[in-house]
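S.K.: Input: one structure, supplied below.
The values are calculated or read from the model by the stated rules, or taken from the named source; none is laboratory data. Keep in mind that this is a model prediction, so the values were computed, not measured. Heads up, the Cβs are rebuilt from the backbone with ideal geometry, glycines too, and the neighbour counts pull from every protein chain shown. Just the protein is used for accessible areas: all its heavy atoms, side chains included, with ligands, DNA and RNA removed. Shrake-Rupley method; radii C 1.70, N 1.55, O 1.52, S 1.80 Å.
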Amino acid sequence: MKPSLRPPARGKRWLALLAVLLALLPGAAVRAEYGDVVLNNWSQKNGMRPVIFPHWFHRERFRCKVCHTELGFKLQAGADDMDMADIINGKFCGACHNGKIAWSVEHCGLCHSGKPGLSTGIMSGGTSQGPGIF
Amino acid sequence: MGMGCAQAAQATHLAEMIFRRKTKAVMGSDIVCLLRNRRVGRWAALLVAASVIGAGVAWGGTVVAPVKNVWAALISDGLHDPANPDISLLQEPGDSLSKLPQDYVGNKVNWDQALNEGYIDPRSKLQPQTRVRTLDQDTIMKNTGGTPWVRFPHRPHTAWLDCTTCHDSMFKEGPTPGLTMLAILNGQYCGKCHGTVAFPLSECNRCHSVIPK
């Protein structure tokens, strides 16, 4: 059957408009702090809450170059090939989260603190959509 | 000369009295007398109470409320799981960000000022052998269409970042052919940080800051 090119019926049009308006509501539920990163490549698959990494907290204590140059973190949320074994072995987060500079890996819930179902990405608190706003 | 209390009590309308005696006379003891008049006193008390409540609401609205609302509490930020018992151990953004120089975008913090003025003293390296490099040099970009030229200051960028973050993977010496606002808005080049962790792309004139002569 040939698909109809006619606009949808009036009732459906209102529904569509409502859907668009709802989609445009800026961060109705999420009021994350600017730069908060969600990491959920592996967490939930392994029965843990997603990781919330707050940039604001870390940049008060370390300049960007420490993690993004010395530790090798890419400028893209979730792009690093890392897992808990790496962290326990002192790589990535494990360079500090070792019980000496910052809390150690036994304190699971301090990093794995996100709502289940979140996807990996960077939040910008509604100020912008982060990389790739289109 | 003011009039006696008895006379003041007889005055039926406050306004009438003020107008008849031209404000000058209705001063000092006259006002005390007026306030002793029950009806006037009651209205005055009401007026004072309303002013206090109004001022309180206005002050709360302009001073207290935004500070509380600017930085969401972790438990209600939509990211942190309120069911996580450890959430109370984490520092609230507002606890520390409210003490730093304020901005009106991003974290509502002027991070460069916070660093320059010593509000924060973040470490530059973990390994003792790491060489910390900074550069105080401006680059002016003139191929900006009709908008003001861009001044890129290396100083605040190298205070936070190492050279290798941008050179040469993103920027080589000389013009960068793909460097357009479209690419930046799409999260490339400057847009990797500006729009995610550094001041957002809505702040046009912080980069497009040089008016061509």
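S.K.: Once the Cβ-Cβ distance between residue A:91 and residue B:140 is put in as r, and R0 is 56 Å, what FRET efficiency do you end up with, to the nearest 0.05?
M.R.: So, using R0 = 56 Å, E works out to roughly 0.90.
S.K.: Something else: Report the accessible area of residue A:48, computed with a 1.4 Å probe over the heavy atoms of all protein chains in place, in Å² rounded to the nearest 10.
M.R.: Using a 1.4 Å probe on the heavy atoms, I get roughly 70 Å².
S.K.: Now, a different point. Label residue B:76 and residue B:169 with points 7 Å out from Cα along Cα→Cβ: what is the distance between them in nm?
M.R.: 3.9 nm
S.K.: Now, a different point. Accessible area lost on pairing A with B, both sides, 1.4 Å probe, Å² to nearest 100?
M.R.: Buried area (both sides, nearest 100 Å²): 4500 Å².
S.K.: Hey, with R₀ at 25 Å, roughly what FRET efficiency would residue B:155 and residue B:98 work out to, going by the Cβ-Cβ distance, to 0.05?
M.R.: 0.40
S.K.: Let me ask something else. Label residue B:186 and residue A:106 with points 7 Å out from Cα along Cα→Cβ: what is the distance between them in nm?
M.R.: Label at residue B:186, label at residue A:106, 4.9 nm between them.
S.K.: Keeping all protein chains in position, work out how much accessible area residue A:115 exposes to a 1.4 Å probe, and write it in Å² to the nearest 10.
M.R.: The accessible area comes out at roughly 80 Å².
S.K.: How do B:125, A:74, A:100 rank by accessible surface area computed with a 1.4 Å probe, from largest to smallest?
M.R.: The ordering from most to least exposed comes out as A:100, A:74, B:125.
S.K.: Taking the Cα centre of segment B:67-178 as origin, work out the dipole magnitude from +1 charges on Lys and Arg Cβ and -1 charges on Asp and Glu Cβ, in debye rounded to 20.
M.R.: The dipole of segment B:67-178 has a size of about 380 debye.
S.K.: Can you compute the equivalent ellipsoid semi-axes for segment B:144-213, i.e. the square root of 5 times each eigenvalue of the Cα gyration tensor, sorted largest first and rounded to whole Å?
M.R.: 18, 14, 14
S.K.: On the full set of protein chains, 1.4 Å probe, figure out the accessible area of residue A:69 and give it in Å² to the nearest 10.
M.R.: Probe radius 1.4 Å; accessible area of residue A:69 about 50 Å².
S.K.: Under a plain spin-label model, where a point goes 7 Å from the Cα along Cα-to-Cβ, how far apart in nm are residue A:84 and residue B:133?
M.R.: The answer from the label model is 3.8 nm.
S.K.: So what's the projected area for segment B:85-129, the Cα convex hull averaged over all directions, in nm²?
M.R.: Quarter of the Cα hull surface area: 5.0 nm².
S.K.: Rank these residues by their accessible area, most exposed first, probe 1.4 Å: A:52, B:211, A:122.
M.R.: Ranked from most to least accessible, the order is B:211, A:122, A:52.
S.K.: Then there's this: Using a 1.4 angstrom probe on the protein heavy atoms only, could you order B:199, A:62 from most to least accessible area?
M.R.: My answer, sorted largest first, is B:199, A:62.
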